[in-house]
Each structure stands twice: as C-alpha cells, then as structure tokens.
Amino acid sequence: MSAPSAPVTERQVQEDLARLDAYRNQLNALLQQHQYLAASRNDHERARATLEGLDRVPTSSELLIPVGGETYLRGTPASSTKVLVGIGAGFVVELERPQVTELLAQRVGKIDQATQELEGQMQTLEERIQLLSRRLDALARATSGAPVAGDVGSN
C-alpha cells in the first residue's frame, strides 16, 4: 500500500473542477475544428472527382454547372478548358485541369494530416478528462458528504 496522501482541500477540488471545465471547452473547440476539416475534405474530394469525371464525358454532352443559390449554367466540357482555383486570401489562378486535380489531391493529403494531428490532441484531452473525472468521482465517494479537509466553512 502507498503512504497516506495529504487531505484534499476544497480549493484543490475547485481547481480540478475548473480544469475539467477548461478541458471540456477545449475538446468542444477541437470537435468544431474536426467538423470543419471534414467538410473541407469532402468539398475538395468532390471537386477533384468532378474534374476527373469531366475527362470521361464526351465534349458534345451538355452539363449543368452550379454557380450557387440553386442556380446553374449550361455548358459543355472542353478538355482544353482551364480551371480557376483559389489559392488563398481571395486570390485565384487559372491552371490546366490535371494541375488542379493534383493540387486538390495535395490539399486533401494536408487536410488528412491535420485531421490526424487534431484527433491525437482530442484523444489526449479525452484521456485527461477521464482521469480527472475519475479522480473527482473517487474523491466524492471517499468524502461521502463529509466536509473537505482544509477550507471547511470558508469560500
């Protein structure tokens, strides 16, 4: 058995509760970032698949091109048509379709890497939350309604 530990004060419990709340808030923020990355990945994959699909469509075919707000343009695919692609900060460049397809694949790779890193951070936070929750639960069971040693009666 281990040596008896020092009694836990009310202040330490309050600090642990505040830390637990902070961890939960951080985890929620990471979950939102994860959702954003997932949506971005889907958007990039959809664009890449569409560009690759255009290479298999006969040039005589008519396409509906979405421009937003449930609005479409009619068009025909042309293998020589260049593609406009955003490069950040509101700037757009015009590139050949194969270049854009490769650029989109690279972006998906970077998004996947960022997602893995984020998932690692989320797992670490989840472990900290579980550990701290178990510690607080054990403390609550140990005291079973008795006043916490130390700061009895003070705030």
Would you mind calculating the relative contact order of the chain from Cα pairs under 8 angstrom and at least 6 residues apart, reporting the percent as a whole number?
36
Stretchable slack from LEU136 to ARG74, in nm (0.36 nm times residue separation minus alpha-carbon distance):
16.0 nm
Taking the range 42-99 as the region of interest, what is the percent of Cα-Cα pairs per 10 angstrom bin, listed from the shortest bin to the one with the maximum distance?
19, 51, 28, 1
Using +1 on the beta carbon of Lys and Arg, -1 on that of Asp and Glu, and nothing else charged, what's the dipole of the chain about the Cα centre, debye to 20?
40
Would you please report the Å³ per residue occupied by the convex hull of the alpha carbon atoms in the chain?
207
With contacts defined as alpha carbon pairs under 8 Å and 6 or more residues apart, what's the relative contact order of the range 70-134 in percent?
18
D (Stokes-Einstein, µm²/s), Kirkwood Cα radius, the range 1-78, 1.567 mPa s at 4 °C:
72
Calculated from DSSP helices alone, with each H run of at least 4 adding -39500 (n - 2.57) and the total divided by the residues of the chain, [θ]222 nm to the nearest 500 comes to -22000 deg cm²/dmol
How long is the gain from THR143 to LEU118 if the chain were fully straight, where each residue apart is worth 0.36 nm and the alpha carbon distance is subtracted?
5.3 nm
Of the candidates PRO66, PRO58, PRO77, which one comes out as most mobile in a Gaussian network treatment of the chain with C-alpha springs shorter than 10 Å?
PRO66
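Readers should treat all values here as calculations from the given coordinates under stated rules, not as data from a laboratory. It should be emphasised that the depicted structure is a prediction, and the values quoted were computed from it without experimental measurement. Heads up, the Cβs are rebuilt from the backbone with ideal geometry, glycines too, and the neighbour counts pull from every protein chain shown.
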